[in-house]
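Bear in mind that the values in this text are calculations on the coordinates, not laboratory data. From a predicted model like this one, the values you see are computed outputs, not experimental measurements. Reconstructed Cβ throughout: ideal geometry from the backbone, glycine too, with neighbour counts over all protein chains shown.
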Amino acid sequence: MTESYVIIGDGISGSSAAETLREADPDADITVVTDEGEPLYNRILIKEFAKGKLPEAPISIHDEEWYDERDIDLKLNTLVTDIDTDAHEVYTHESETLAYDKLLVAAGGTPVQLPVPGSDADGVHHFWTFQDARRIREDAEEADTGVIVGAGLLGIDLAAICAAQGVDAHYLMRGDRWWRYALSQDGADIIHDALDEKGVTPVFDSGASEFVTDDDGNVVETIDSNGERYDSEFAGVAIGLDFNVEFIQNAGFDIETGIIVDEYMRTGVEDVFAAGDITEFYDVVLEDHAQNGSWGSAKQQGSVAAKAMAADDVEADVDEFRWVSSYSITHFDFPFLSFGFPARGDDECERTYDDQEWRRLTFKDGKLIGGVLIGNLAPQSKYKQLIREEAQVADQKDVLLEENFDLDDLDF
């Protein structure tokens, strides 16, 4: 019998799953449903587009012909409203019913809205989709002043967009440093100095309490939590994601901050899998559930999920999800890379090498699980190898922090 697969989401997880399923099952019926109006594009590059550094052309990865050539039914601008896991059916906003034998939920998330007056004003932007990037680029090109809210990896992308577009911006951060969960003051200060050099002023122990608008509803000023006022014709907000789980709230899934899945992307509901940002997956190295929004991780999860969906015996036929993620920033004169789980663990070490080079490593139960590199990214492959091999190396921090250490110098 012909198998029917439905995939909710056409990000890199969903698209990777569709491609893997077609390779594994040439005769299957495969349907991909997305509420976006365009097929898969490169979410990594949209920030370069918003900065004005790239045209639209390199951003798209698949066109609609790609799906046609693989006999994959792509449904754009289609919102899933509900699923019935007993009946094995998916329902859309157009009252369409999609039957499935196996279902993959890869619906991603939606940026969290700031619960303050004026947060829905024209000129207040959230950065997640290609359409967001288009609006951000258009407004940033016209703005002279701006604010950024959200001291994380997406927030700094918005800050870099302001810098590239010549917007005089203030970066409002709730704590005493940027990405305080993963960086110490020494590491964060390198980023703060780089922001200053780009014309973006960090403001600590702050945050937006109101966006003030003109008579036409356009943002013109931001009031922070301390009552300070900043001119801002442009505002960028990046304070996290609300995962798109509304349509599965009553479907029997185990949901915490995301959908709980095992190392094969299986949910607790029969014949339903999940992949990408929306998951809390079991990490075999961490030996715990975790979330990760990196492109490489999401792509690999989609592939693992698809193989598990098509397998007769999942645990015998499919390799478990085992991935060391990484996220890089290229906005400054020096490179920046985080890998693994730099904000978790029970032990850590760090070292400053010069005013643009710094390193921090995190450990759990003696194993290296993540870190951050600023300035010199050369050791990343060695660190990732140690993570994959679950090496007990926490007792050899001095060696690990040598600028160009050799794996042969370690005892594991």
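Side notes on the structure shown:
- Looking at the range 239-289, the GluC sites (Glu not before Pro) that sit in a DSSP loop and have at most 13 other Cβ atoms within 10 Å of their own Cβ are Glu256, Glu270, Glu287.
- Note on Leu377 and Ser328: the model spin-label points, each 7 Å out from Cα along the C-beta direction, lie 0.2 nm apart.
- Relative contact order for the range 130-217: 28 percent, from Cα pairs under 8 Å spaced at least 6 residues apart, divided by residue count.
- Distance in nm between pseudo-label sites at Arg351 and Val212 (7 Å out along the Cβ direction from Cα): 5.0 nm
- Taking 0.36 nm per residue of separation and subtracting the current Cα-Cα distance, fully stretching the chain between Asp408 and Lys53 would add 123.6 nm.
- Residue pairs, from the table Lys53/Lys307; Lys75/Lys299; Lys307/Lys382, whose Cα atoms sit over 32 Å apart: Lys53/Lys307
- Relative contact order (%) - criterion: Cα under 8 Å, at least six apart; region: the chain: 14 percent
- When the chain is treated as a Gaussian network with alpha carbon springs shorter than 10 Å, the biggest mean-square fluctuation among Gly52, Gly370, Gly340 belongs to Gly52.
- Using R0 = 41 Å, the C-beta based FRET efficiency linking Asp254 and Asp176 works out to 0.70.
- With Rh defined as the Kirkwood radius, the inverse of the mean 1/r over Cα pairs, the Rg/Rh of the chain is 0.98.
- Each residue of the range 118-125 was assigned a 3J(HN,Hα) from its phi angle through the Karplus expression (A = 6.51, B = -1.76, C = 1.60, θ = phi - 60°), giving x, 5, 9, 5, 5, x, 9, 10 Hz with x at Gly and Pro.
- Cleavage-rule hits, chymotrypsin sites (Phe, Trp or Tyr not before Pro), the range 290-379, DSSP coil, Cβ neighbours within 10 Å at most 13: none
- The range 334-409: proportion of alpha-carbon pairs further apart than 19 angstrom, %: 24 percent
- Calculation over all alpha carbon pairs of the range 140-273 in 5 angstrom steps from 0 returns a P(r) of 2, 10, 17, 17, 13, 10, 9, 9, 8, 5, 1 percent.
- When the trypsin sites (Lys or Arg not before Pro) in the range 304-389 are filtered for DSSP coil states and for at most 16 other beta-carbon atoms within 10 Å of their beta-carbon, the remaining sites are Arg322.
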